[in-house]
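K.L.:
There's a structure below that I have some questions on.
The values are calculated or read from the model by the stated rules, or taken from the named source; none is laboratory data. Just so we're clear, the structure is a prediction, and the values are computed from it rather than from any experiment. Counting neighbours? That spans all protein chains shown, and the Cβs are built from the backbone with ideal geometry, glycine included.
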Amino acid sequence: MDLLSSPEKSTRVIGVAELNRIAKDLIERNMPLMWVAGEISNFTRAVSGHCYFSLKDAQAQVRCVMFRHKAQLHDWMPQNGMQIEIRAVPSFYEARGEFQLNVETMRRAGLGALYAAYEQLKAKLLAEGLFADEAKQALPRFPHSIGIITSTQAAALRDVLTTLKRRMPSIPIIIYPTPVQGAGAGAKIAAALATADARAECDVLILCRGGGSIEDLWCFNEEVVARAIFACRLPVICGVGHETDFTIADFVADARAPTPTAAAQMVCPNGVDLRQEAAHLSKRLMRVMERALERRMQHVDGIGRRLLHPGEHIANQLRDLARLANRLQGAWAHGAADRQWRLRDLLQRLLAQRPDVNALFIRQRVLSQRLTGAAHHRVDALSAQVKSMGAHLAHLNPHAVFERGYSMVETADGKVVRASSELQIDEEVKLTFARGWAQARVKDKG
């Protein structure tokens, strides 16, 4: 940029690589993402999946590249001579010094409005539930008759009839002719669907048409056709165009076939396969019946071997009865003996638990004598203890000391005097003797 804007630097010599970088920067910075229309020429698809082609009109052409991750998003293959519209970013390939367009997406020229209408109607019907799996009917496995809604001039009708005849020629075919291309075709297809539904002459309907451009197939994208399919009480299978062609009718129909021939194969069982399956099932049934018969024959043989003469059967029962009688008698005898032993045991235990009255009387007399002796001994011991304690108490009695000539000195407040230092001169004291007391006054102390 400085090289272009600076006059002083315009005389500097630059290399081709620098020139291409400047050109690339100018182009990619100043040219936005845009839609470009033209015709495809020199189209090639590399092994890597990238697409290279030229886009031209009457006056000029430009190189274009669409990389694999963008090209694989399209369900149709670009071809030379096709008029298209591309959404691309202008760029400059430095290595070869070429101006080119990096393609983001492409569409057939003039189909932008059709695609917008297609997507708008698809979203509307989806929101209303016309595509819901719950609304779809199951195709009958063995239809009694098949209806076909298409043009009598369509090649798809011949393919469908040929396929049905080859697979199951005995099934009746009812054709409801209607245009499948051009103005008013959608309303006529809807009318044919309503007619087939009202007549109820068949078990399933095939709505078919061969391949073509989006304009040729547009009648199958009309709302009137979609609603007629949804309202039809008969199962409808849609086989319109090629495998990559998707119409609104495909989404509403009870089943979608990639081609009209495939629709005929889906709706009609293959007679050859059915005969082979029937033969296989017949063989399996025969084998199962033979095995069942053999098992029952073996069962009868086993029952025959176990079957006895009535006299022998009665003799066996008599022997069993005698054996059971012996077992019953033995069981009764064993039970009686067991109960006798238990009775003896209980009697012995009862005798062992009975008290000995004489022994108890003797023990009572002995205990009485022991109790009397123990009481006398206890009384004597307590008496001796009382005497000892009385003597000891008499020894500690202060009056006994008074009898020996001692006396007790108390102050006026009743405090016992133990030393002369506790008294004052002229203090009155109380003298207690063995017999009586006296009041005194201290005259002297030492």
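K.L.:
State the number of residues belonging to the stretch 49-105 that are touching a residue at least 40 places away in the same chain (Cβ under 8 Å) and of a type in the set (D, E, K, R).
P.N.:
Looking only at that region, the number is 5.
K.L.:
If we only count helices (runs of 4 or more DSSP H) wholly inside the stretch 239-326, which ones have 3 or more residues that are of a type in the set (Asp, Glu)?
P.N.:
Hits in the stretch 239-326: 271-306.
K.L.:
Need the failing condition index for residue 22 against (1) under 49 Å from the mean Cα position of the chain (by Cα); (2) without any contact (Cβ under 8 Å) to a residue 60 or more places away in the chain, just the number.
P.N.:
(1)
K.L.:
Residue 104 - would you say it is more than 52 Å from the chain's Cα centre (by Cα) and either assigned by TED's automatic domain parsing to the domain that holds residue 213 or farther than 12 Å from residue 39 by Cα (or both)?
P.N.:
no
K.L.:
May I ask you to verify whether residue 200 is in contact (Cβ under 8 Å) with a residue 24 or more places away in the chain, aliphatic (A, V, I, L, M) and exposed (fewer than 15 other Cβ atoms within 10 Å of the Cβ)? Write out each step before concluding.
P.N.:
Working: in contact (Cβ under 8 Å) with a residue 24 or more places away in the chain: yes; aliphatic (A, V, I, L, M): yes; exposed (fewer than 15 other Cβ atoms within 10 Å of the Cβ): yes.
Here the answer is yes, as residue 200 does meet what is asked.
K.L.:
Among the strands (runs of 3 or more DSSP E) contained in the stretch 52-169, which hold 3 or more residues that are among the β-branched types (Val, Ile, Thr) and surrounded by 14 or more Cβ atoms within 10 Å (Cβ to Cβ)?
P.N.:
Passing ranges, in order: 83-93, 146-150.
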